[in-house]
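Comments concern the structure below.
The values are calculated or read from the model by the stated rules, or taken from the named source; none is laboratory data. Model, not experiment: these values are computed from the prediction. Positions of Cβ are generated from backbone atoms using ideal geometry, with glycine treated the same way; all protein chains shown enter the neighbour counts. Each accessible area value is taken on the protein alone, full model and side chains, heavy atoms only, with ligands, DNA and RNA left out. Shrake-Rupley method; radii C 1.70, N 1.55, O 1.52, S 1.80 Å.
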Amino acid sequence: MDGQDNKERVRAAMAAVDRAAFVPEEWRWAAGEDRPLPIGYGQTVSQPYTVARMLELLGSGGRVLEVGTGSGWQTAILARLFDKVYSVEIIPQLAREAKFRLQKLKLKNVKIKVGDGKKGWKRYAPYDGIIVAADADEVPPALVSQLAEGGRMVIPVRGEMLKIEKHGRFVFVPLV
Ligand code: SAH
């Protein structure tokens, strides 16, 4: 996919989603600022700059797995970039609130479940894109196995943003 095209696509998708609708009342005034904002339960809605960069790396089209639904803001943007969005959130209250917000926006191509996103969501695998919204200690093997051939995963690992692409199966001796 053409990098410039995708940048424009991401910009348009982000512009179409009102971030203020995803933050608590008392933080609405700051929704337009380029910084993370509290959404309760010790979590934050991601910073717009970070989301833009990650989505540019992720590409678009097909099925995407999101790990860390949070407020559902990034989920709503993904719904405009991918045909189907599957999102896993570990905090049940956040998953419930995000579901409610996305229903209000009448986004029909999104499914959210409560669970540990490190395990992915096997039922709908493989995914053309996987995006992880929280910093990982290592790349979870289940996510690698649920990535489609030609798929891309964007994941922060110990503070560094990684983009992983899958290029099919090859046979090797074990690395000792
Ligand atoms: N992108 C979201 C916010 C991300 S904050 C937004 O725009 O609102 C990161 C989210 O990841 C938090 O909601 C946190 O609860 C969730 N999370 C952390 N570890 C997780 C795990 N193992 N599985 C699923 N969700 C997880």
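In the elastic network of the chain, a GNM with C-alpha springs shorter than 10 Å, the most mobile of 145, 87, 60 is 145.
Surface listing: 100, 22, 172 arranged by accessible area from highest to lowest gives 172, 100, 22, probe 1.4 Å.
Please report, in debye to the nearest 20, how large the charge dipole of the chain is about its Cα centre when each Lys and Arg carries +1 at its beta carbon and each Asp and Glu carries -1 there. Before the final figure, lay out the partial values.
Working: 27 positive and 21 negative charges, 143 e Å.
For this selection, approximately 680 debye.
One decimal place: the segment residue 114-residue 166 gains 16.1 nm when fully extended, by the rule 0.36 nm per residue minus the C-alpha distance. To test your reading of the geometry: what angle, between 0 and 90 degrees and rounded to tens, separates the Cα axis of helix 92-104 from the longest principal axis of the chain? Orientation of helix 92-104: about 70 degrees from the principal axis. Taking the alpha carbon gyration tensor of the range 1-56, multiplying each eigenvalue by 5 and rooting it gives semi-axes of 25, 12, 8 Å, largest first. Residues in the chain average 57 Å² of solvent-accessible surface per residue, probe 1.4 Å, ligands and nucleic acids excluded.
Taken over the range 41-136, the convex hull of the Cα atoms encloses 92 Å³ per residue. Among 9, 123, 19, the order of accessible area from largest down is 123, 9, 19, computed with a 1.4 Å probe on protein heavy atoms. Across the protein chains, with a 1.4 Å probe defining accessible surface, the residues 33, 165 rank 165, 33 from largest area downward.
Counting only DSSP beta bridges whose two residues both lie in the chain, roughly 30 percent are antiparallel.
For residue 112, the amide hydrogen comes within under 5 Å of the amide hydrogens of 87, counting only partners 5 or more places away or on other chains and with H modelled in the peptide plane. Size descriptors for the range 3-165, from the alpha-carbon set: Rg then Dmax equal 14.4, 44 Å. The angle between the Cα long axis of helix 3-15 and the main principal axis of the chain comes to about 30°, on a 0 to 90 degree scale. A Förster radius of 45 Å combined with the Cβ-Cβ distance from residue 8 to residue 176 puts the calculated FRET efficiency at roughly 0.45. Compared with the dominant Cα axis of the chain, that is its longest principal axis, helix 48-58 is turned about 30°. Could you give the distance between the Cα centres of the range 157-176 and the range 34-94, to the whole Å? Centre-to-centre (Cα) distance: 24 Å. As a fraction of the 1.4 Å probe accessible area of the chain, surface on carbon and sulfur atoms comes out at 53 percent. Other residues within the sphere of radius under 15 Å centred on the Cβ of residue 136, judged by their own Cβ, net out at -2 (K and R +1, D and E -1). Can you pull the semi-axes for the range 80-124, root of five times each eigenvalue of the Cα gyration tensor, sorted largest first, whole Å? Largest first, the range 80-124 gives 18, 15, 6 Å.
How much net charge surrounds residue 146 when only other residues with a Cβ under 13 Å from its Cβ are counted (Lys, Arg +1; Asp, Glu -1)? Kindly include the intermediate steps, with their values, before the conclusion.
Numbers: positive: 63, 118, 119, 122, 123, 152, 166; negative: 66, 128, 149.
It works out to a net charge of +4.
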